[in-house]
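Take a look at the structure below.
The values are calculated or read from the model by the stated rules, or taken from the named source; none is laboratory data. Owing to the predicted nature of the structure, the values given are computational and were not obtained by experimental measurement. Note that each Cβ is placed from the backbone with ideal geometry, even for glycine, and that neighbours are counted across all protein chains shown.
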């Protein structure tokens, strides 16, 4: 139980003293993708093999959260060199131990080879996927076992909290966050410092803070990865935020479809409580704050702030009209500040290293880094953390390795069901909040679904409308009824029953639903449709006039049998997931 | 299911509506579904009407009022899985099991559900059966995986 | 007042109201469907979107609070177009053929497309046709086509509940019904189920409303803007020719009802909006059962005499002649004269005058159980205190703590409950004290359940605890304090609280609440005040009320019970109680029995002459010598005094049915037949005039007084003494002890009007009461 900030530094010192640094350490990536790809078998194989060879004392085996290069999981990184081996199989383990650990030699077939150039990169930091990233938040994932608070403390965890609580006033903390230029990472990009200030300035008996970990956008999974890999970073951010705002109670709302994130953040929260980092008199200060963890129940709309609060209150999670905003009237009518996981994770970073340092990263209006979920038809799918302002081209080609299977880049979908599409003409776009909006899409929470010529944009628009229909809360007419009408039109078009007037109908409906809907879900639901109409109108016309689906996706329009777009040929991997 | 059982189950939760979704999760974890008789106890515990509880539980995808099959088959309908061929996988699964989402096969072996993103976007299409993740699923895989589970009985 | 601009016009708005309300009260119309007075804002229909200068996009006027200097535009071409599109979306899911039909104005003439489909496929087949809010909005926005393909959700119409049907094919999901049921009535019988396109209004597990806690108050039916919820009895009834106001005679609240009349018959009955007593709310009786009271086939229609063993129709003259003769035939064995307690003040005044002056006999009220206000006042008057009985329902929401003892007001006095609920929603603490479960328990901060007979022990403990643990200087100076302390000490008995089934902490919590969360109100129902030991309970309760400055409100049950308290002395003071009359009849004490009120069925020991006067035929008719058909309250004017002490006059709704006559008229004619000149009243108003002069408490009952703008109440001592009264006083039961312990009536609502048992008469009411029947409810202990 820590009762003084000096005990934190003492703790770190003690860890360094007491834990012997092994000669070699094998770090296994064990996030959701890792497990789904078979990381648990790798861990078991290493455990057994190291035991068999009596190497447990000299070779460390660490299990961490997601390393980010999901396409190549299960993967390991061997320290101190930092050698990266991807697409590992249990039968590779003896060889790895034999050659790399014992003989310091690289196992060639396991070394990463650039699919375009053929060049090999043995070290993780050199691999192009990693090299161009700026992994301020995610680099620690390689070193932290989320079950061990010691690892976090070793990485200077909770130092920012100590600084905030004892060296800064609440107002100073807000000013620092404001000066850093941190903007909400959930999608709206609202200046975080200002948001905190609004909440703080609202007079009330109590205030609440919430971490929105609902992450419902399909294609995005960075929030759950942060929570599963480095949950203390979020917790620390929340404690600092609660101190700044004046809240005594916080909630982390995690979607139930992310069981690993729920588990890890609960373990971390319990540990924080045990060590006096949550609860009464944190670190011996006069600040009291605790966190409750609430699991979602399968409703995308709960990612919307007012719906999320209704859900925490135990009611039907319908949205509420704003204003009043949560900062004025939120949970049970009290001022509430809601931020996304990634936003909270940035807070300790800013406090520790200062707003001035932070504001050097990124563009003039969008500071810091952003974690993108780079998925879809990209060669190297995974989590990438890059500075704001990086060009889309760099993300797709330098980091992502270009389009899979030698296909061509068609567009990237950003912002999920609320966003739009950036076709090839935007490859040189500097990715920040405002630029993306100006280009006709939104950054959203950071989803980047890469599409090639085998994607039918009309089908994709229909897919998004179907999603909205399933997830609409049903309260307001434009969203509940209007999106169904849009969906029905799109279904007709994909079936070859489209009419010329349908495009105008879609645009009219879409524009109306955008302005008339009650909450963000409805207001942004037509975006994918309107965006595809703007950039890929010819595909619609082809479907309607010529009854053809160029990407060969729409079943009813494919004339010859056997010409459907085939899913990937890889054999399914099956492994136990507790 | 008796009142005593329910009391034990609900003991850890305060008697406030804010615990409702967590209570429903726990009841479903215990019984595999929300038994209709449980609704009365839950309503009493959180001091609201059965109608309110029912309104909340039917709002969310997570809760079902009927017992499911032995194996819960969930197919991801997320966009990344979709563009990687997820729609074909879903159709194939529906054909293989012979049911629509939300339904259970007549031999009570499989219940088919959908989810709007597991977070395995990089390695989709994804199917999860009873918590076991299958990634990069192909059309052939659908048949072989289900066959494997049928053998287990 | 807040100043803002709408469409360039300066308007003033009440703080705390919405832009929509401000617009409406200034005659500016903004189309809306989901907003409703008294309900929280919803913002679901999106029709009321407006532009506000300086704010992005459109905002719904119903959700936007008024602010100083707002500049609002309600009409632009874009807004109009947007509203039309939104309305067309709504209509795409609602059968709209008639709504946009070009022939709709001529339809009545041609009706060329009507078929017997049994489903509502258009306005012409809809019970709400002509009274539908959706129709109004379609008119307002001049929608003439629906550009979207129509979809019919094809729900089965729900007809399994009494009184009204639910046709969710017509529902537009405005959720007004859900909100009124939860927010105004506190019942939450309806909720939105599922989500998105599957969302529908329903109940848990789709049960009938009878099984879902619904009390059939009709608030949802009244607030529904479409024909989704419709009263079955009104289907095919057409629109009323005229509407008149009346006061409901079926409980002591006395709601003002707007009654629809068509061809001289009552077809509908709605609560009056904005009424100071019931403000737009009613209960199952006033809303759905009223017409059955007046138009039941059981009505007594013609005066009848028994000739040769059979009852035969006669003229009023003949009947009254015989009655006059029988009443005075044997002065030694005089007549017993029973009067209905539900009669108007005028009827009762004349009845008493007739009985006392002409028959020289004390009239007897037909209510067997002790009246709570009557008992309460009697016990206190014995101590020389004239307690306040008057109160206003509208003041209840301001209470800090409310104790509801011996009553489930949600069932017995629904409108009282509506006001208590408002208090609870504002943070008032509710303490519920009953022998068993009640609907109030859900809202209670503290719920005490005690065995009947242990109430004295509980009050004794509470009193002692307050005196010992919360002493206040100002008590000691009040008269009676020392005696109170002494008598409480004497009454101490160990284990008393546990015998009641309570722990000391529970009663202490009650004490704390009533002392701290002032102002406190004690609502006392028959479960407490109807007990055999009620006198002592009342004294104890009075003392506690003095300690914490609480207001005691004994709950009258019947429509004119409060008026009875002013007109009649407690029966045992001088004269007979109904029980004594029943016994007397058995012993042959009376020659003639004149029943202008209900009476248990007479067996073999019937008096020589039996006169029955009632609106309805009953069991005793078969033994009666004369049957006199009385008119119901609806067929004459009169006055009731409601539970608040408010004097409420009602006017005639329709002419007396067949040959029936108002009771006062019958008594007057009888008096004339017996030679009196003091009964020449031409109208009930004249009677009221005399009564207002001769009964000081009813001074404000004169028509002259009622013309004034302020409401009329019973006159009473505004500053009653606040001293403590001694306990353990012998006697003084003042006629309130009764043979039949009324404590099981704690859940009851008077489901009768004179001789008509409403549960027998109306199947729906019977089914409802069976569900919530108090007598069958499990009582703890």
Of the conditions (1) outside any loop (DSSP other than H, G, I, E, B); (2) surrounded by 14 or more Cβ atoms within 10 Å (Cβ to Cβ); (3) modelled with pLDDT under 80, residue C:109 clears all except one; give me its number. (2)
I'd like to verify a number: residues in the range A:323-370 that are under 30 Å from residue C:425 (Cβ atoms), in contact (Cβ under 8 Å) with a residue 12 or more places away in the chain and not in a helix (DSSP H, G or I), how many? 10
Could you check, for the range A:265-283, whether at least one of its residues is free of Cβ contacts under 8 Å to residues at least 24 places away in the same chain and touching a strand residue (DSSP E or B) at 6+ places or on another chain (Cβ under 7 Å)? yes
The lone condition residue A:221 fails out of (1) within 14 Å of chain B (Cβ to nearest Cβ); (2) modelled with pLDDT of 95 or more is (2)
Only one of these is assigned to a loop (DSSP other than H, G, I, E, B), more than 10 Å from chain A (Cβ to nearest Cβ) and surrounded by 14 or more Cβ atoms within 10 Å (Cβ to Cβ): C:98, C:45, C:34. Name it. C:98
Can you tell me which of C:602, C:670, C:654 is closer than 29 Å to residue C:703 by Cα and in a loop (DSSP other than H, G, I, E, B)? C:654
Across the range C:259-303, what is the number of residues that are over 22 Å from residue C:641 (Cβ atoms) and part of a loop (DSSP other than H, G, I, E, B)? 11
I'd like the full set of residues that are out of contact with any strand residue (DSSP E or B) (no Cβ under 7 Å at 6 or more places or on another chain) and buried (at least 21 other Cβ atoms within 10 Å of the Cβ), limited to the range A:166-192. A:173, A:174, A:176, A:177, A:187
Take the conditions within 30 Å of residue B:145 (Cβ to Cβ) and at pLDDT below 95 and apply them to residue A:547. Does it pass? no
Criterion first (within 26 Å of residue A:294 (Cα to Cα), in a loop (DSSP other than H, G, I, E, B), within 8 Å of chain A (Cβ to nearest Cβ) and touching a helix residue (DSSP H, G or I) at 6+ places or on another chain (Cβ under 6 Å)) does residue B:13 satisfy it? no
Could you tell me whether residue A:45 is farther than 23 Å from residue A:152 by Cα, within 14 Å of another protein chain (Cβ to nearest Cβ) and either in a helix (DSSP H, G or I) or at pLDDT below 90 (or both)? no
In the range A:58-70, residue farthest from the other protein chains (Cβ to nearest Cβ) [restricted to those that are surrounded by 23 or more Cβ atoms within 10 Å (Cβ to Cβ) and not in a loop (DSSP other than H, G, I, E, B)]: A:64
Scan the range A:371-379 and tell me whether some residue there is more than 18 Å from the chain's Cα centre (by Cα), modelled with pLDDT under 95 and not in a loop (DSSP other than H, G, I, E, B). no
Quick one: which of B:90, B:63, B:59 is under 30 Å from residue A:403 (Cα atoms), within 13 Å of chain A (Cβ to nearest Cβ) and either surrounded by 16 or more Cβ atoms within 10 Å (Cβ to Cβ) or modelled with pLDDT under 95 (or both)? B:90
All but one of (1) at pLDDT 95 or above; (2) within 11 Å of chain A (Cβ to nearest Cβ); (3) crowded, with 17+ Cβ neighbours inside 10 Å hold for residue B:80; which doesn't? (1)
When residue A:142 is evaluated against the numbered criteria (1) modelled with pLDDT of 95 or more; (2) within 22 Å of residue A:261 (Cβ to Cβ), which criterion, by number, is the only one it fails? (1)
What number goes with the only condition from (1) in a loop (DSSP other than H, G, I, E, B); (2) within 14 Å of another protein chain (Cβ to nearest Cβ); (3) touching a helix residue (DSSP H, G or I) at 6+ places or on another chain (Cβ under 6 Å); (4) at pLDDT 95 or above that residue C:220 does not pass? (1)
Any chance residue A:200 is in contact (Cβ under 8 Å) with a residue 12 or more places away in the chain and surrounded by fewer than 23 Cβ atoms within 10 Å (Cβ to Cβ): yes
When the range A:455-479 is examined, which residues are found to be at the interface with another protein chain (Cβ under 8 Å from one of its Cβ atoms) and in a loop (DSSP other than H, G, I, E, B)? A:455, A:472, A:473, A:474, A:475, A:476
Please verify whether the range A:291-314 includes one or more residues that are within 8 Å of chain B (Cβ to nearest Cβ), assigned to a helix (DSSP H, G or I) and touching a strand residue (DSSP E or B) at 6+ places or on another chain (Cβ under 9 Å). yes
Checked the range A:434-454 for anything more than 30 Å from residue A:316 (Cα to Cα), surrounded by fewer than 24 Cβ atoms within 10 Å (Cβ to Cβ) and touching a helix residue (DSSP H, G or I) at 6+ places or on another chain (Cβ under 7 Å); matches are A:439, A:440
Top-ranked residue of the range C:183-211 - restricted to ones that are in a helix (DSSP H, G or I) and within 12 Å of chain A (Cβ to nearest Cβ), ranked as nearest to residue A:298 (Cα to Cα): C:196
If the requirement is being farther than 24 Å from residue A:290 by Cβ, more than 14 Å from chain B (Cβ to nearest Cβ), modelled with pLDDT of 95 or more and not in a helix (DSSP H, G or I), which of these qualifies: A:135, A:175, A:206? A:135
Verdict on residue A:249 being in contact (Cβ under 8 Å) with a residue 60 or more places away in the chain and either within 14 Å of another protein chain (Cβ to nearest Cβ) or closer than 25 Å to residue A:519 by Cβ (or both): no
Give the residues of the range C:304-347 that are part of a helix (DSSP H, G or I) and over 25 Å from the mean Cα position of the chain (by Cα), sorted by residue number. C:316, C:317, C:318, C:319, C:320, C:321, C:322, C:323, C:324, C:325, C:326, C:327
Could you say whether any residue in the range A:416-435 is at pLDDT 95 or above, more than 14 Å from every other protein chain (Cβ to nearest Cβ), under 23 Å from residue A:231 (Cβ atoms) and part of a strand (DSSP E or B)? no
When only residues in the range B:18-43 that are surrounded by fewer than 19 Cβ atoms within 10 Å (Cβ to Cβ) and within 13 Å of chain C (Cβ to nearest Cβ) count, which is farthest from the chain's Cα centre (by Cα)? B:40
When you go through (1) within 23 Å of residue B:115 (Cβ to Cβ); (2) in contact with a helix residue (DSSP H, G or I) (Cβ under 7 Å, 6 or more places away or on another chain) one by one for residue B:69, which number turns out not to apply? (2)
